[in-house]
1. Which pairs do you get when a residue that is in contact (Cβ under 8 Å) with a residue 24 or more places away in the chain, found in the range 186-199, comes within reach of a residue that is buried (at least 20 other Cβ atoms within 10 Å of the Cβ) and in a strand (DSSP E or B), reach meaning Cβ atoms under 7 angstrom, with the pair 6+ apart or on two chains?
2. Has the range 276-292 got at least one residue that is touching a residue at least 40 places away in the same chain (Cβ under 8 Å), surrounded by 21 or more Cβ atoms within 10 Å (Cβ to Cβ), closer than 23 Å to L137 by Cα and not aliphatic (A, V, I, L, M)?
3. Working only within the range 36-80, note down all residues that are in contact (Cβ under 8 Å) with a residue 24 or more places away in the chain, of a type in the set (A, V, I, L, M, F, W, C) and not in a helix (DSSP H, G or I).
4. If only one of L87, L106 is modelled with pLDDT of 95 or more, crowded, with 18+ Cβ neighbours inside 10 Å and in a strand (DSSP E or B), which one is it?
5. Answer yes or no as to whether V277 is under 17 Å from the mean Cα position of the chain (by Cα), in the same structural domain as G118 (by TED's automatic domain parsing) and at pLDDT below 95.
6. Do we have E295 as under 23 Å from D231 (Cβ atoms) and assigned by TED's automatic domain parsing to the domain that holds R169 here?
7. All but one of (1) touching a Gly at 6+ places or on another chain (Cβ under 8 Å); (2) crowded, with 18+ Cβ neighbours inside 10 Å; (3) within 21 Å of R258 (Cα to Cα) hold for M177; which doesn't?
Amino acid sequence: MIRPDEIPVALGNRGGFSGARLWQIEGMTAAYCLRAWPPGDPAPERLNWIHGLMQRARKTGLDFVPAIARTSQGTSWVAHAGRLWDLTTWMPGRADFHDEPTSVRLEAACTCLARLHGAWADIGPALGPCPGIGRRLEIAHDWIRLIESGWRPPFEVNPSDPVRPWTERAWCLVHSMIKGVPRALATWSERRLPLHPCLCDIWHDHVLFNGETVSGLIDYGGVKVDHVAVDLARLLGSMVGDNVDQRSAGLNAYLRCRQLSWEEQALVAILDETGTVIAVANWLKWLYRDGKIFEDRTAVAQRLSKLVERMEKWKHGGPV
């Protein structure tokens with residue numbers, strides 16, 4: 001239970017970029033996370049679906065998934081001030097893999113991801129083209145048309161912006177590498193693969209550790225029906241980048257829990273490579289085409305820097 005006199009601790013967006021707002025609340029028996037989802041997103045039906053997936057995972061014994069509190073009417077969220085609000089258990093631990101990047105921790109993260117996929121594998125299973133590939137191709141083709149139109153980001157708007165040095169480097173990379181995305185994905189776009197719910201936004205900062213144990217997988221707002229390689233690509237790319245030995249260790253840990261064909265394993269690397277290029281393109285779009293507002297521009301610069309540095313290593317003879 002939550003004490004009536006307990007004052008929630010405002011956390012802002014907790015380093016995220018979605019527009020959500022978070023508060024930590026210390027209850028009588030546990031700590032909780034109060035979330036105000038971004039205005040208008042998700043729709044109630046989608047949030048019900050996300051909560052159902054989280055509850056399914058909890059019922060299979062995955063205690064690294066947050067538990068959802070319900071209202072006295074039995075609902076898992078309330079609508080207020082143009083947002084949907086929910087309350088989940090506060091997941092302990094820190095997203096500090098980069099501070100201590102051991103194989104044991106990496107394998108624990110990949111094992112937890114495999115267990116979560118296993119809990120969701122029988123929810124609306126289907127065979128079809130990988131939606132993650134379709135999303136990448138759509139964005140790549142849009143960017144190719146934009147570049148051919150002569151558009152370029154208006155960097156001169158705010159020369160003191162901490163993001164600017166990274167976006168200028170990002171623009172040079174996207175300009176030269178975006179055409180490689182359709183080529184890399186051409187033979188994959190119509191292949192029929194097993195699909196079921198996946199996180200689709202599982203990366204370094206969403207994996208909490210307590211020592212060498214994963215204490216929480218957080219943020220389920222990006223969940224979509226997709227192929228598991230999308231999650232593996234996102235997780236391995238953000239945690240270990242291009243370290244071949246660590247990537248192999250992480251993938252093998254996943255395979256000890258869930259089987260993947262050689263074709264599916266090969267897709268992980270391709271989705272990581274093309275996804276990195278698309279992520280940089282998305283940042284340029286959000287910042288300079290959509291005019292999206294981010295409260296912490298320094299955090300944006302840090303996030304973008306990691307993506308840009310990977311792509312710069314690939315620039316000469318890179319994967320895409």
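1. Hits for this filter: L195/D226; C198/D226.
2. Yes, because at least one residue in the range 276-292 is touching a residue at least 40 places away in the same chain (Cβ under 8 Å), surrounded by 21 or more Cβ atoms within 10 Å (Cβ to Cβ), closer than 23 Å to L137 by Cα and not aliphatic (A, V, I, L, M).
3. A36, W37, L62, F64, V65, A69, W77, A79
4. None of the others qualify; the one that does is L87.
5. Here the answer is no, as V277 does not meet what is asked.
6. Here the answer is no, as E295 does not meet what is asked.
7. The failed condition is (3).
The values are calculated or read from the model by the stated rules, or taken from the named source; none is laboratory data. Just so we're clear, the structure is a prediction, and the values are computed from it rather than from any experiment. Positions of Cβ are generated from backbone atoms using ideal geometry, with glycine treated the same way; all protein chains shown enter the neighbour counts.
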